[in-house]
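Novice: Supplied in structure tokens, the structure appears directly below.
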């Protein structure tokens, strides 16, 4: 049976491992989907440094899980988020199909639009993403190297979690963005970023489309496509 899995916003942190880590490894061992779409912010911080970095050691369990999917022939697509970017087609030793902002695909005769959603959130919520994912910024971070950047990034990530603002407004903007994409001709729009799992049916004139937000893998949320239909699901015993 053809199956695709979409998940994001796990915010895996090597210093705070929880059930969500074990759940991903269990998923890798127990399923062989045709495709795995990682909707961004899989990591609390990941940057594709040009040289080997301690990130690979810190996240070795996640790399092993992704490598297991790859060994089974699963196509891995990564939509970069605002916590993991500049992948350049790989996560450590695992090759992935990475996209900085967005991607489109056909699935079951439907035209899909995929994005993490950080750019879609609009100003001021996307200002940091626009800065961090700018090619000049990425080249600067790469030049500074993992020793400095990794320490600062994990500190920033912890600070940002304590200072989240406007979650409901971001979710509203993502819905509005999804409706716009449906008007443009997409049948299904899949986003993340808000950490709120959603499923909506949109009618815009003669067009009918669906919007899904995959929610947060850290909270147990993910989206599955099988037997020609999408379903929001939860894995058992999500992390706190």
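Novice: With a Förster radius of 30 Å, plug the Cβ-Cβ distance of residue 131 and residue 110 into 1/(1 + (r/R0)^6) and report the FRET value to the nearest 0.05.
Specialist: 0.30
Novice: What is the Cα centroid distance between the range 201-224 and the range 44-106, reported in whole angstrom?
Specialist: 23
Novice: With the cut-off at 1.5 for a/c, could you classify the range 197-237 from its C-alpha gyration tensor as rounded, prolate or oblate?
Specialist: Because a/c hits 1.5 or more and a/b fails to exceed b/c, the range 197-237 counts as oblate.
Novice: Also, I was wondering about something else. Give me the tail of P(r) for the chain as a percent: Cα-Cα pairs with distance above 26 Å.
Specialist: 34
Novice: Between 56, 227, 32, find the one with the highest GNM mean-square fluctuation for the chain; connect C-alpha pairs within less than 10 Å.
Specialist: 227
Novice: Using only the Cα atoms of the range 111-240, build the gyration tensor, take square roots of its eigenvalues as a ≥ b ≥ c, and label the shape rounded, prolate or oblate: rounded if a/c is under 1.5, else prolate if a/b is larger than b/c, else oblate.
Specialist: Because a/c hits 1.5 or more and a/b exceeds b/c, the range 111-240 counts as prolate.
Novice: For the chain, calculate the relative contact order in percent as a whole number, restricting contacts to Cα pairs under 8 Å that are 6 or more residues apart.
Specialist: In percent, rounded to a whole number, it is 23.
Novice: Gap in Å between the Cα centre of the range 114-157 and the Cα centre of the range 1-33?
Specialist: For the range 1-33 versus the range 114-157, the Cα centre distance is 24 Å.
Novice: Going by average Cβ neighbours within 10 Å, how do the peptides 230-236, 179-185 rank, with the highest at the top?
Specialist: Per-residue mean Cβ counts within 10 Å order the peptides as 179-185, 230-236.
Novice: In nm, to one decimal, how far is the residue 143 label point from the residue 156 one, both placed 7 Å along Cα→Cβ?
Specialist: Going from the residue 143 label point to the residue 156 one covers 1.7 nm.
Novice: Gaussian network model of the chain, Cα springs within a sub-10 Å range: biggest mean-square fluctuation belongs to which of 218, 195, 139?
Specialist: 139
Novice: Where is the GNM fluctuation largest for the chain (alpha-carbon springs, 10 angstrom cutoff): 124, 14, 146?
Specialist: Greatest mean-square fluctuation among the candidates belongs to 124.
Novice: Would you mind classifying the range 148-211 by shape? Square roots of the alpha carbon gyration tensor eigenvalues, ordered a ≥ b ≥ c; an a/c under 1.5 is rounded, otherwise it is prolate if a/b is larger than b/c and oblate if not.
Specialist: Judged from the Cα gyration tensor, the range 148-211 comes out prolate (a/c at least 1.5, a/b above b/c).
Novice: If all Cα-Cα distances of the range 27-138 are sorted into 5 Å bins from 0 onward, what percent lands in each bin, rounded to whole numbers?
Specialist: In whole percents, the pair-distance histogram is 2, 11, 21, 23, 19, 14, 7, 3, 0.
Novice: Moving on. By how many nm would the segment from residue 31 to residue 90 lengthen if fully extended, with 0.36 nm per residue of separation less the alpha-carbon distance?
Specialist: Gain on stretching residue 31 to residue 90: 19.1 nm.
The numbers here are math on the coordinates, done by the rules we state, and not lab data. Everything quoted here is computed from the prediction, not taken from an experiment. All Cβ positions, glycine included, derive from the backbone under ideal geometry; neighbour counts span all protein chains shown.
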